[in-house]
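A quick write-up on the structure given underneath.
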Amino acid sequence: MTTADALRIKGGEPVSGTVRVSGAKNSTLPILAASLMATEPCEITGVPNLRDVETMVELMGILGMRVSWDKKNRRMEVAPENPRHEAPYSLVKKMRASVLVLGPILARLGKAKVSMPGGCAIGVRPINLHLKALQQMGARIEVEGGYVLAECSRLKGTNIVFDKVTVTGTENVLMAAVLADGVTTIENSAREPEVTELCQVLRKMGAQIEGEGTPTITVKGVDELRGFSHHVMPDRIEAATLLMIGPITGGRIRVEGGNPGHLDAVLLKLREAGIEIEIYPDGAMEAWRGGDSILPVECSTWPYPGFPTDVQAQLMALLSLAKGTSMITENIFEDRFQHVAELSRMGANITVSDRKAVIQGVDHLTGAPVMASDLRASASLVLAALAAKGESIVSRVYHLDRGYEQLDKKLAALGVEIERIKQPVG
Ligand code: UD1
């Protein structure tokens, strides 16, 4: 019999205490991709132990890198051994971010064969903008048999204007540009802290980059990149999720190791919802309900520094308990409301029309069996389960394990009654 992990959670009690943020998944993945271009060994510390990182490590092995990962000490060493250019469907289908290897392999080897990622639970998520930009840099690109086949002698610097802000698109082009011939400017580039951190790493490798964190990044190509040593920044999405544990359950939570500077939009919205947030000089954050109730808010997701789409589902869980009617507009992904049906099973009152969700706050949620559909949806269901009276079973937690390091253990340490169980599937 095939089984899958699920979480049994007993909710309805205030959760208080201290919890620590892990390293950022969305930084670790592009940093690993960047190491494909190094001619020397690289060291990455603060690496979170996540399923997506495992997938990337597997992919790095296939691409001819030697990776040793000391999970206990969160330290990884990556060294080039026998560089190869083919990223197979079996791995890319597990994780869309695998497409981040396209720019680096093409720049380093002059050819790349990378599986197309295909659709996913939160929408179509094409890579047309990545491909168009690489073509503008002189790559010959064909899509054949589900694979992107790309070739070039040496990529050439040029002026790229993205039609739409894309995080991994910006990262892919950035990495391709650092080994290109001449200067590349990337306009309408993503300003996410993970992009900024990737630029820091590339600079450690010898790249010449200016303007990260602004809409225009300029890259002057170099001939070769050396190894680097880098400590991954804290995961801002995990930090935001953990911060809601206090207010959603009526407890008081202290989140350590995060970077409040990356959370401006989230903190602003939470404060608007009546959540008290204290920030300490060392970056620790504490959150609790300021009054008896959570207040309704309106919120729209935008590229950074706007409110992150990756926190939308978790905010919705919180607002499902607000006193009054809230509205959330999802501007980034067209189909990212799959948690709504599951939150409704717990008693939430939410209606969706196109990209807008109207959340009529209810007095309480009730425990129920629910199913996670994607990474952030699963986090919202866990938050709701913590607040809900009685027992919930959140199934398909492999989604959660992709991007939240040992969330069940972190919750257990906060005194939550939580257990990982096996459920039959099929
Ligand atoms: C990254 C994050 C993900 C986050 C998302 C938005 C990583 C590994 N993942 O995903 O957690 O939810 O940013 O903040 O960092 N688009 C196109 N064509 C393209 C590329 C994107 O139309 O070629 C569209 C997408 O469909 C979406 C929007 O652009 O509507 C933004 O997507 P993008 O920023 O590219 O998301 P990812 O980089 O895949």
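Read-outs throughout are calculated quantities, based only on the coordinates presented, and are distinct from any laboratory measurement. Computed from a predicted structure; not experimentally measured. Because the Cβ atoms are built from the backbone with ideal geometry, glycine has one as well, and the counts that use them run over all protein chains shown.
So the values come out like this:
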| item | result |
| --- | --- |
| Whole-angstrom gap from region 224-293 to region 50-122, using each part's C-alpha centre | 30 Å |
| Qualifying aspartates and glutamates (Cα of each under 16 Å from Cα of Lys220; at least 8 residues distant if same chain) | Glu171, Asp181, Glu187, Glu210, Glu212 |
| Student exercise, the chain dipole from Lys, Arg, Asp, Glu Cβ charges, in Debye to nearest 20 | 560 debye |
| Extension reserve of the Met327-Lys72 stretch, reckoned as 0.36 nm per residue once the Cα distance is removed | 87.6 nm |
| Solvent-free Debye scattering, log10 I(q)/I(0), computed from the Cα coordinates of the chain at q = 0.06, 0.08, 0.09, 0.10 Å⁻¹ | -0.24, -0.44, -0.55, -0.68 |
| Percent of beta bridges antiparallel (DSSP, the chain, rounded to nearest 5) | 75 percent |
| Computed FRET value (nearest 0.05) for Thr2 with Lys409, which takes r as the C-beta separation and R₀ as 22 Å | 0.35 |
| Contour minus Cα-Cα distance for Ser353 and Thr45 (0.36 nm per residue) | 106.5 nm |
| Pair-distance profile P(r), taking every C-alpha pair of region 181-286, with 10 angstrom steps and integer % | 13, 35, 25, 18, 8, 1 |
| Rg/Rg_ref, region 10-67, where Rg_ref = 2.2 N^0.38 Å and atoms are Cα | 1.56 |
| Cα radius of gyration and Dmax for region 25-231 (Å) | 15.3, 43 |
| Simple Cβ-charge dipole of region 25-231, Lys/Arg +1 and Asp/Glu -1, about Cα centre, in debye nearest 20 | 320 debye |
